[in-house]
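The values are calculated or read from the model by the stated rules, or taken from the named source; none is laboratory data. Worth saying up front: this structure is predicted, and the values here are computed from it rather than measured. We place every Cβ from the backbone using ideal geometry, glycine too, and count neighbours over all the protein chains shown.
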Amino acid sequence: MPLYDLLTGPALYTWSFFIALAIFLVGIIYRIIGFFRLTIGSDRSGVTTAGRIKAFLFSLFGILVSPARIFHLFKTIILDVVLQLPLMRQNFLKWFMHICIYWGFAWLFFFHALESYVSEVIFSDYLSTLNPFMALRNVAGVMVMVGVGIAIYRRKTHFRLKQISKRPDCLAIVLLALIMTSGFGLEGAKIISSGVFYDMVEEYGAMDYDEELPALKAVWQEEFNVQFPGETIPVTPEIMEEGWIINEDNCAACHANPRWAFVSYPVSIAMKPVAGFFNRHRLDSLMLTIHFLSCFFALAYLPFSKFLHILTTPVSLIISGFSGQQIKRDENKATRRVFDLSACTQCGTCTSHCAVGPLYEIFDNQWVFPSERVTRIRESAWGRPMDPELRDAFSIGSFICTMCNKCSQICPAGLDLQDIWKATRGQLEEESLPDPVIRIRELRKKHKSEKAGLEAPVKIKTGKNPVVASLKESLQGATFSQCYTCLTCTSICPVVGVTDETQEFGSAPHQVIHALILGQTDLAKDAPIVWDCLTCYKCQENCPQGVKITDIFYQLRNMAYHQEFGI
């Protein structure tokens, strides 16, 4: 068998489809097992995989036996999954992009790719070359392409999305664009192909080829844009009239005018200059191979890529619609954490609205961004470890998060990110990677104990102190000099209220301010209250002199951090 026939024959489609389907099924089974087997964070509950599966089935049964819950299920599916109303209320352009890709691709998948099982069953007169099916197929393709165009535009113009866009995002967009462009190209190549015309006439035509075929060819050349390279087709009003009659008798029941394919038909016109080359080499078959193989590759790639959210995000939206962040059973919480990581679409919404996102410009730490932490946690859960240096940077990025829960509230996929952050932090603390503030506090204590008995008596330093000078250059830090020792900050401090210990230096806010006034910056940075501060801002809000005490503590922490880690 010639190599060309092997590359374009039906055997290639059959085998490539079954290989892609097998990879897809193995990948999906692997993912489903992982949802119930893997753990995010430290698991102290002793929940087993069997227990998680049992809890999931029990919860599912509770929904199916309740008419009220079934009604709520359908309501969630229609409003949150199909119409995606929460996303529309959040950002109209992003909603329009998702709707175009989601609805367009769903139409093409069910009514075109699965036409033998869906379209032909629902529509008794269905043929892909008839209207309205031909026009609707182009509409669906245009919807997907518009969605892809908006996705590219947002990735190129949105400040945060440009920072977090990675190779998998680009690959997903490129693969989706390849499927759509090859589909339009295939349809355009079929329109101009004389080979396709002759195949159709030979299989379905019932005419006198010598007398009637020239007239039919004239109609299909002039009206349907079929190209017959090397052939001179006579075209007269009489021949065209005869051709239309033959077309009505033999072709009209199966083929509408391709002008209804309002995208593919202009594509076929653009192909006219190379029609001879296309027809001689039957490149319509090659276009078919490219289109099929790109679809099969996407099918096989789906369980191992961000495409998985096509299946998992609707389920996550349903779970969120039912329970929000109120899941009580530890078994279901553990399962949801792993599942939510696979439902993330990497849309960047959480990162765009993250309160600490601007710190990326200071630390150059990508783990400050919620979307990047989700990706890293997912990779770790599925078996991709981090080296110590990378894990330390990830820990810093994780603990910078203020746990404000805004990311969970605005996530268009309904992810409970707050629960994932808590679980991850717990695991980091068990691995001796606690909050950087705690780590620096312990280091300062260690340094202080090492220098115990070696310090010289505290003396008031003369001359210019660089730390004090740095504080004075800050609008917040400069306010320390306004303190007049009223002790309001110490009286109202909840940390002092709990410890009830102000005899040792550094256990009360006013002592730190006094140390700064005296130029004792090392004492100030090592003061326990600086590191035990809850950042409740009560001292700052109640200071009669307007001293920005909490902000000064922040600056002292940053100075100590820079001193310890050089960052």
Inset, instruction - Kindly list, by first and then second residue, each pair from a residue in the range 378-390 that is under 20 Å from ARG336 (Cβ atoms) to a residue that is at pLDDT 80 or above, limited to pairs with Cβ atoms under 6 Å and residues at least 6 apart or on different chains. - result: ARG378/LEU341; ALA381/LEU38; ALA381/ILE40
Legend entry - Hits in the range 245-275 - residues which are under 19 Å from GLU211 (Cα atoms) and in a helix (DSSP H, G or I): ILE245, ILE246, ASN247, GLU248, ASP249, ASN250
Inset, instruction - For the range 366-376, indicate whether the set of residues that are hydrophobic (A, V, I, L, M, F, W, C), buried (at least 20 other Cβ atoms within 10 Å of the Cβ) and part of a loop (DSSP other than H, G, I, E, B) is non-empty. - result: yes
Inset, instruction - Sort out which residues of the range 532-567 are assigned to a helix (DSSP H, G or I), surrounded by fewer than 21 Cβ atoms within 10 Å (Cβ to Cβ) and hydrophobic (A, V, I, L, M, F, W, C), and write them in order of number. - result: MET559, PHE565
Legend entry - Number of positions in the range 125-143 that are touching a residue at least 40 places away in the same chain (Cβ under 8 Å) and assigned to a helix (DSSP H, G or I): 7
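Quick one: in the range 146-166, which of the residues that are of a type in the set (D, E, K, R) and crowded, with 16+ Cβ neighbours inside 10 Å is modelled with the highest pLDDT? Write out each step before concluding.
Taking the range 146-166 first, the residues of a type in the set (D, E, K, R) are 154-156, 160, 162, 166.
Within this subset, residues satisfying the condition of being crowded, with 16+ Cβ neighbours inside 10 Å are 154-155, 160.
Values: ARG154: 86, ARG155: 83, ARG160: 77.
Selected residue: ARG154.
Look at VAL65 and say whether it is more than 29 Å from the chain's Cα centre (by Cα), loosely packed, with under 13 Cβ neighbours inside 10 Å and of a type in the set (Val, Ile, Thr).
Details: more than 29 Å from the chain's Cα centre (by Cα): yes; loosely packed, with under 13 Cβ neighbours inside 10 Å: yes; of a type in the set (Val, Ile, Thr): yes.
Against the criterion (more than 29 Å from the chain's Cα centre (by Cα), loosely packed, with under 13 Cβ neighbours inside 10 Å and of a type in the set (Val, Ile, Thr)), VAL65 qualifies.
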Legend entry - Output for the range 346-355, where each listed residue is surrounded by fewer than 21 Cβ atoms within 10 Å (Cβ to Cβ) and at pLDDT 85 or above: SER352, HIS353
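State yes or no: is ILE239 in the same structural domain as TYR102 (by TED's automatic domain parsing), part of a helix (DSSP H, G or I) and either hydrophobic (A, V, I, L, M, F, W, C) or touching a residue at least 24 places away in the same chain (Cβ under 8 Å) (or both)? So that I can check it myself, show each step before the final result.
On the way: in the same structural domain as TYR102 (by TED's automatic domain parsing): no; part of a helix (DSSP H, G or I): yes; either hydrophobic (A, V, I, L, M, F, W, C) or touching a residue at least 24 places away in the same chain (Cβ under 8 Å) (or both): yes.
Answer is no for this residue.
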Inset, instruction - Considering every residue within the range 340-352, establish whether at least one is under 17 Å from ILE164 (Cβ atoms), β-branched (Val, Ile, Thr) and not in a helix (DSSP H, G or I). - result: yes
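Give the residues of the range 291-332 that are assigned to a helix (DSSP H, G or I), farther than 20 Å from ALA172 by Cβ and either touching a Pro at 6+ places or on another chain (Cβ under 8 Å) or of a type in the set (Val, Ile, Thr) (or both), sorted by residue number. Reasoning before the result, please.
Step one: of the range 291-332, the residues assigned to a helix (DSSP H, G or I) are 291-304, 306-323, 330-332.
Filter once more, so that each one left must be farther than 20 Å from ALA172 by Cβ: 318-323, 330-332.
Residues satisfying the conditions are ILE318, ILE319.
Collect the residues in the range 377-403 that are within 21 Å of the chain's Cα centre (by Cα) and either closer than 20 Å to SER320 by Cα or not in a helix (DSSP H, G or I) (or both), keeping them in residue-number order. Steps first, please.
Of all residues in the range 377-403, those within 21 Å of the chain's Cα centre (by Cα) come to 377-384, 394, 397-398, 401, 403.
If the condition is that a residue be within 21 Å of the chain's Cα centre (by Cα) and either closer than 20 Å to SER320 by Cα or not in a helix (DSSP H, G or I) (or both), then ARG378, TRP382, GLY383, ARG384, CYS401, MET403 are the ones that fit.
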